[in-house]
Every structure is written in C-alpha cells, then in structure tokens.
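Just below is one structure, and these are the notes that go with it.
Quick note: the coordinates plus some simple rules give every number you see, no bench work behind them. The shown structure was predicted, so the numbers you read here are calculated from the model rather than taken from an experiment. Ideal geometry is used to build each Cβ from the backbone, glycine not excepted, and the neighbour counts take in all protein chains shown.
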C-alpha cells in the first residue's frame, strides 16, 4: 500500500453521488467542533478557499491545526502533523470532501503548467526515520489526489 493511501482517505471519483453535498465546509466543520468542544476558537488560517483542481470553482482546505480547544491548539494534531480536509465545489452547488491528510503544511505551486500541492510531511512517508521532512507533490485530477513525486 502506498504512503499516500495510508495518509489519505480518498473518496472515489463519484464521491459527490455517494455523499451528501455540504452547502459550506466551513459551517459544517465549525458546527461539528462546537459540539465536540464548547468554546472552541478558530484561527485565521482555519479555512483557505481557492481553486485546487483548475475547474474555475472555489474549493476549500480546512486546517485543524488552526483550532484551539480548552487552551490546546491543534485538534487532532500529532508528531506527524495536523489533519487537513480537502473539499471540492461542484457546479450544481455544494461541496464534498475528497481527502484528509495529516501534514505539517503545504505549498500550492505551479509545476510544469499545473497547480500542485507540495505537502510537508513526516519523514516516514518517504521511507525515512529522520529529518529532513518528506515533501510529497500531489495533483488533483477529477476528484482524486494523485502522487506525482516524493523526496
């Protein structure tokens, strides 16, 4: 099993037909965590909105490292990073989640004419036990994340 398969719970390309669409992932996630942790605080970087798959629709990435519950920042964060949920918007309206990744952070950059994520991850995802961190380059095709390279 590839490290990406272990890292992410990727929905099949017909994911929007298999799960209900969300009107807004920010509202959905905030409502969920307000139930889990009354008084939860959300940082400025909790949600980022941009077109991740070049379809002209604004998608969303939610960073759980930007939440504070009972004085502890980073709900779900471990030594392997923080959960980030990736949502695609569909033209019919609404969003669906395509993946969750446990990462330290990411850059969204242009490589060979395509926009890609460069995930900064625990070294184990590049089959190492020590630093430097793993950098995994991932592109979104359709409703799936595809690993391009690891270093």
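By the gyration tensor of its Cα atoms, with a ≥ b ≥ c the square roots of the eigenvalues, what is the shape of segment 46-107: rounded for a/c under 1.5, prolate for a/b over b/c, or oblate? Judged from the Cα gyration tensor, segment 46-107 comes out prolate (a/c at least 1.5, a/b above b/c). When shorter helices are ignored and each DSSP H run of at least 4 residues is given -39500 (n - 2.57), the per-residue value for the chain at 222 nm works out to -3500 deg cm²/dmol. Annotation: peptides 46-59, 73-86, 95-108, ranked by per-residue average of other Cβ atoms within 10 Å with the highest first, follow the order 95-108, 73-86, 46-59. FRET efficiency for the residue 127 to residue 78 pair, using the beta carbon distance and R₀ = 22 Å, is estimated at 0.70.
Mean separation of Cα pairs under 8 Å and 6 or more residues apart, divided by the residue count, gives the chain a relative contact order of 21 percent.
Compute the separation of the alpha-carbon centres of segment 35-105 and segment 134-151 and state it in Å as a whole number. That distance is 18 Å. With a/c under 1.5 counting as rounded, go ahead and sort the chain into rounded, prolate or oblate using the C-alpha gyration tensor (a ≥ b ≥ c being the square roots of the eigenvalues; past the cut-off, prolate if a/b is larger than b/c, else oblate). Verdict is oblate for the chain. Can you bin segment 72-115 into rounded, prolate or oblate? Criterion: square roots of the alpha carbon gyration tensor eigenvalues sorted a ≥ b ≥ c, rounded for a/c under 1.5, prolate for a/b above b/c, oblate for the rest. Oblate.
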